[in-house]
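The structure appears below as structure tokens.
FYI, it's all coordinate maths here, none of it is from the lab. Keep in mind that this is a model prediction, so the values were computed, not measured. Methodologically, a virtual Cβ is constructed for each residue, glycine included, from the backbone with ideal geometry; neighbour enumeration extends over all protein chains shown.
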Amino acid sequence: MSDPHKDYSKILKKYPDFIKEYDKLKKEIETLRAEKEFLESKIEKFKDKSEIYENKKAEDFYDVIIKINSILSLAQGWDISMIEKGKKNYDKYKNVSIISIGVIGNENKGKSTILKKISDFDIPTGFSIKTEGLSIKYPEIKEHPNLKIVLLDSAALETSV
């Protein structure tokens, strides 16, 4: 039977940086475990959000959606989806002063997230639901019922036709 101390001495002679490299590997493994736990928690949060928006469409969150595929398609007309609540809000808003807030930009750069933060209304963000054309929301602000705001969320600028 071999003596473990002699074997260890042989390894140290042959590989003088063994202990330093071993400690370095242990730290790397700890870091990877921590990163794995962090990523798993992010995945769980994403799963929770995706379940909230499962089987939902953009029409479930916005009052009006103007399905603009291209400015060139205006000649044929754009398809407009107006939800019942959107019709009522449009009628309330059409003859009063309103504040319009719109966001345009590239795909998955935070347009919907900005509107969500500004208005504090439920709007899907990230990859859960794709914003179509020009999506309009008439949020009701309980603290300021006379303040009328229209939020305009847009599809990505580089969306293909």
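Looking at the stretch 58-154, the DSSP beta bridges with both ends there are about 70 percent antiparallel.
Quick one: order L134, L151 by neighbouring beta-carbon count within 10 Å, fewest to most.
Details: L134 19, L151 24.
Ranked by crowding around the Cβ, least crowded first: L134, L151.
Modelled label positions at L147 and L74, each set 7 Å beyond Cα in the direction of Cβ, lie 3.2 nm from each other.
Restricting things to Cα coordinates, could you compute the convex hull volume per residue of the stretch 69-112 in Å³?
Numbers: hull volume 6.0 nm³, N = 44.
Spread over its residues, the Cα hull of the stretch 69-112 gives 136 Å³ apiece.
The modelled label-to-label distance between K67 and S97, using points 7 Å beyond Cα along the C-beta direction, is 3.7 nm. In this structure, the pairs whose alpha-carbon distance is over 27 Å, taken from K36/K117; K94/K117; K111/K142, are K36/K117.
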